[in-house]
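Here's the structure, in structure tokens; my notes come after.
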């Protein structure tokens, strides 16, 4: 994987700089000993200047190591997510919708640093890189024959959306949208615990999956967050992250 190669490159760079720092620290210790032994004032002053320069260079290189450490951590996370996306793809190929949905929830919660059943805000959607968000969306669309995916949910959301005015019934509108994707039926919010929800998955009801944030059992919370999800999709599409490869 590309991230693995980048990770190895960063680790090699880190080792090289750490070796340079060790050499500089050894040189600084040598200069300290020379300063103690030097009687000539001018010579001592010159050694102090060199020691200051060594200390400044050590600081700069240490700062580089800190930045590389952050890059390595990010690349390790990217590598981990790429493996998880591969597993998600396997589940989708097998049409194991339930497990694929849970894996999607796991990946997105980890990216957003959220716990199960925890509330989501706009800032949490912002934490998810578009590259991963769009990859998840594409995988769901590809292996469901364009029936599932966040983009499919967005198209349904736009279809049912109306201009909000004084007579606009938000709750009624949300429920109509939820019915259209199979999250709500006969005055009841559905979930994987409900047989009717599983049947909707088998029939590939458009937009049913994946269940979007905040991944709670009560799907009404996901409907309430549709504006934030729509904004995230549009942002990623606008930046061409979700365009065809």
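Nothing in this text is a laboratory measurement; each read-out follows from the coordinates by a stated rule. Being a predicted model, the structure only gives us computed values, none of them experimental. Don't worry about glycine lacking a Cβ; one is built from the backbone with ideal geometry, like all the others, and counts go over all protein chains shown.
Overall form of region 118-245: oblate. Here a/c, set by the Cα gyration tensor axes a ≥ b ≥ c, is 1.5 or more, and a/b is not larger than b/c. Taking every alpha-carbon pair under 8 Å whose residues sit at least 6 apart, the chain reaches a relative contact order of 18 percent.
The packing ranking of peptides 222-231, 102-111, highest mean first, is 102-111, 222-231, where packing means the average number of other beta carbon atoms within 10 angstrom of each residue.
Using mean Cβ contacts within 10 Å as the protection proxy, how do 62-68, 203-209, 126-132 order, highest first?
203-209, 126-132, 62-68
The shape of the chain can be summarised by an equivalent ellipsoid whose semi-axes, obtained from the alpha carbon gyration tensor, come to 56, 19, 14 Å from longest to shortest. Our helix-only sum for the chain, with -39,500 (n - 2.57) per DSSP H run of n ≥ 4 divided by its residues, gives a mean residue ellipticity at 222 nm of -23500 deg cm²/dmol.
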